[in-house]
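> Pasting a structure here, questions to come.
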Amino acid sequence: VAENSVALFLCPKLGGETISTNKLTHLSLFSGIGGLDLAAEAAGFETVCQCEWADYPYAVLEKHWPDVPKFRDITTLTKEAFFEKTGLETITVISGGFPCQPFSLAGVSKKNAMGRAHGFACETQGTLFFDVVRIIAARQPAIFVLENVKNLKSHDQGRTFRIIMQTLDELGYE
């Protein structure tokens, strides 16, 4: 990932089954107003579930995807809860832009000025990446796509990015 670009991971499952094109399904985490959802749908995927906690983006999702099941809190999105809301055992792709504030230049500066922790030490936002990992491990999608700010690669002298890559490697994806 280039120093001045957004970190993007597109990761096929190692040794995974061939992706069936009969029904390409998409689970959207940290959906925002649905940018990655629109891209997934333009590529032929059906968005079958979304997760967004912020009120305004959630209202946008409700307006444009009224029939798609939604979670407000990623910590409540379990394998069982996903099945209960969607009736689906499997998912083709998971996408998400986990919170950038603990890792961005502006977010880190603000947190430092306020005497607050940043990176993974930020308990409210910095650890949400690990909820993404938990969901990927439980759902075992054929593909996942994660995006974040350019400072993710250099945050904490590169330690944050190394931890993220090591954690993703442990899931068995390329």
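> Go through [x] 16.7; [y] 16.2; [z] 18.0 and flag the label whose value is the computed Kirkwood radius over Cα pairs in Å for this structure.
The value matching this structure is [x].
> Within 10 Å, count the other beta carbons around each residue, average over each peptide in 107-113, 23-29, and list them highest first.
On the way: 107-113: 14.9, 23-29: 22.1.
Highest-to-lowest ranking by the protection proxy: 23-29, 107-113.
> Next question, about the same structure. In whole percent, how big is the carbon plus sulfur part of the accessible area of region 23-68, probe 1.4 Å, protein atoms only? The partial results should precede the final answer.
Details: 1410 of 2300 Å².
Summing carbon and sulfur atoms, their accessible area is 61 percent of the total for region 23-68.
> Please turn the phi angles of region 35-40 into ³J(HN,Hα) values with the Karplus equation 6.51 cos²θ - 1.76 cosθ + 1.60 (θ = phi - 60°), one per residue in order, whole Hz, x for glycine and proline.
Each residue of region 35-40 in turn: x, 5, 5, 4, 5, 4 Hz.
> Express as a percent, rounded to the nearest 5, the fraction of DSSP beta bridges in the chain (both residues included) that run antiparallel. Walk me through the numbers before you get to the answer.
Numbers: 7 of 22 bridges.
Among the beta bridges of the chain, antiparallel pairing accounts for roughly 30 percent.
> On to the next question. Lysine pairs in region 25-174 with alpha-carbon atoms under 18 Å apart, 8 or more places apart or on different chains: how many are there?
Values: 70/79; 70/85; 110/150; 111/150.
Close lysine pairs under the 18 Å cut-off: 4.
> May I ask you to compute the full-extension gain from residue 72 to residue 112, defined as 0.36 nm times their residue separation minus their alpha-carbon distance, rounded to one decimal in nm?
On the way: separation 40, 0.36 × 40 = 14.40 nm, distance 2.83 nm.
Taking 0.36 nm per residue and subtracting the Cα distance, the gain is 11.6 nm.
> Now, a different point. Over the chain, calculate the relative contact order: mean separation of alpha carbon pairs under 8 Å at least 6 apart, over the residue count, as a percent.
Numbers: 278 pairs, mean separation 54.3, N = 174.
With pairs under 8 Å counted, the relative contact order is 31 percent.
> When the helix-only estimate is applied to the chain (DSSP H runs of n ≥ 4, each -39,500 (n - 2.57), divided by the residue count), what is the mean residue ellipticity at 222 nm, nearest 500 deg cm²/dmol? Provide the component values of the computation, followed by the final result.
On the way: 6 runs with 59 residues, N = 174.
So the calculated ellipticity at 222 nm is -10000 deg cm²/dmol.
The values are calculated or read from the model by the stated rules, or taken from the named source; none is laboratory data. The shown structure was predicted, so the numbers you read here are calculated from the model rather than taken from an experiment. Counting neighbours? That spans all protein chains shown, and the Cβs are built from the backbone with ideal geometry, glycine included. SASA here: full protein model, heavy atoms, side chains in, ligands and nucleic acids out. Shrake-Rupley method; radii C 1.70, N 1.55, O 1.52, S 1.80 Å.
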